[in-house]
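The structure under discussion appears below in the form of structure tokens.
The values are calculated or read from the model by the stated rules, or taken from the named source; none is laboratory data. Nothing here was measured: the structure is a model prediction, and the numbers come from that model. In this analysis, Cβ positions are derived from the backbone assuming ideal geometry, glycine residues included, and neighbour counts consider all displayed protein chains. Side chains are part of the model used for accessible areas, which takes the heavy atoms of the whole protein and leaves out ligands, DNA and RNA. Shrake-Rupley method; radii C 1.70, N 1.55, O 1.52, S 1.80 Å.
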Amino acid sequence: LFIMHIQLNPVQLVLFLATFLMGIGIAYFVVSAYATAGFYVTKAAQIIEFFDKATDSAQYPMPIFPQSIQALAFTVIPIAYLSYVPTLFLLGRGSLQLFATTIITLVVSIVINQWLWKRGLQHYSSASS
């Protein structure tokens, strides 16, 4: 039986909560952007299903995956921001660079989401009209 003892300081807890909330935001805006693909393609449901299945891998630490999968987990399907990044800060292994990357990823995901949504609404035509 292995029991891990973690001594949390307030800074670690704040960084954990901040990165966790940003991870939720990143996931929301990325899934929303993928859903907006429904304006452009007819099989958008499969994209959402793929993202949902990809999040199952978030239960494992990123270093066990090959570099190519890790790159995908931080960019195209940013599931690493949901669990791995906040856990690093909880364990005291996070860095300022990783925190900044999380903020940048959140901002970029918001901008892309809003751009796709506005563009999709401009080109949308109702099926009944």
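Inspect the stretch 54-68 for any residue being over 25 Å from GLY94 (Cβ atoms) and of a type in the set (D, E, K, R) and give the result as yes or no.
Taking every residue of the stretch 54-68 in turn, none turns out to be over 25 Å from GLY94 (Cβ atoms) and of a type in the set (D, E, K, R).
Tell me which residues, restricted to the stretch 7-46, are open to solvent by 60 Å² or more (accessible area, probe 1.4 Å) and over 18 Å from SER95 (Cα atoms). Let's see the steps before the verdict.
Of the residues in the stretch 7-46, the ones open to solvent by 60 Å² or more (accessible area, probe 1.4 Å) are 7-11, 13-14, 17, 20-21, 24, 28, 39-43, 45-46.
Those that are open to solvent by 60 Å² or more (accessible area, probe 1.4 Å) and over 18 Å from SER95 (Cα atoms): ILE24, TYR28, PHE39, TYR40, VAL41, THR42, LYS43, ALA45, GLN46.
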